[in-house]
Each structure stands twice: as structure tokens, then as C-alpha cells.
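Values in this text are rule-based calculations from the coordinates and carry no lab data. Remember, predicted model here, so these are calculated numbers, not experimental data. Methodologically, a virtual Cβ is constructed for each residue, glycine included, from the backbone with ideal geometry; neighbour enumeration extends over all protein chains shown.
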């Protein structure tokens, strides 16, 4: 059994990742995809590489989504409807600013 070229393995990683991302059961879908690679005569080492890479990318994506959610929650504006007396913001804009300062 021959090993697959690197680009073929990476193409399968992308395909496997896509299948997992569009599935309600990503790990089961990955298992089915890997089984198809074995049935198609893929070398076990290549199948394991695809599996390892897809799992790593799924984990990275999941961690990133969790991190993004935390950042959005931490940076979200306060609930203004609970503010009984909101303060107006005043901004002073100089009218006679020299032209050199505007460049």
C-alpha cells in the first residue's frame, strides 16, 4: 500500500473538517469519513494523519469560538435600559484650529 502525496492528505483534512462542521454529530461523521478512506485503500498512517489534523482543527475552532464569546461578553455595552439617569456626553470641538494641526 502506497502513501498518499502530502497535498492529497491535506485535501482530505479540509474535506473531513468540512464534513464535521456541517454535521450535528461531527465525531461520528469523522469516523465515517475515515472509514471511507480505509475502504479506498489509504495507508493507515495517512488516515491517522487526517484524523489527527481534523481533530486538532476542530478543537482549535471550538476554543476560538469560546474565547470570542467571552470577549464579546466582557466588552458588551452595559444595559442602558436599567440606567435611570443616563449622563449626556459633551464633546468640545475647537473652531479656530490652525491648518498645520489638521494635517
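Per-residue extension of 0.36 nm, minus the Cα-Cα distance of residue 7 and residue 24, leaves a gain of 3.3 nm for this segment. Placing pseudo-labels 7 Å out from each Cα toward the beta carbon at residue 32 and residue 71 gives an inter-label distance of 3.4 nm. Taking every Cα-Cα distance in the range 6-72 and sorting them into 5 Å bins starting at zero, the pair-distance distribution P(r) comes out as 3, 18, 26, 23, 13, 8, 5, 3, 1, 0 percent. Once the C-beta distance of residue 39 and residue 62 is scaled by a Förster radius of 25 Å, the resulting FRET efficiency is 0.30 to the nearest 0.05.
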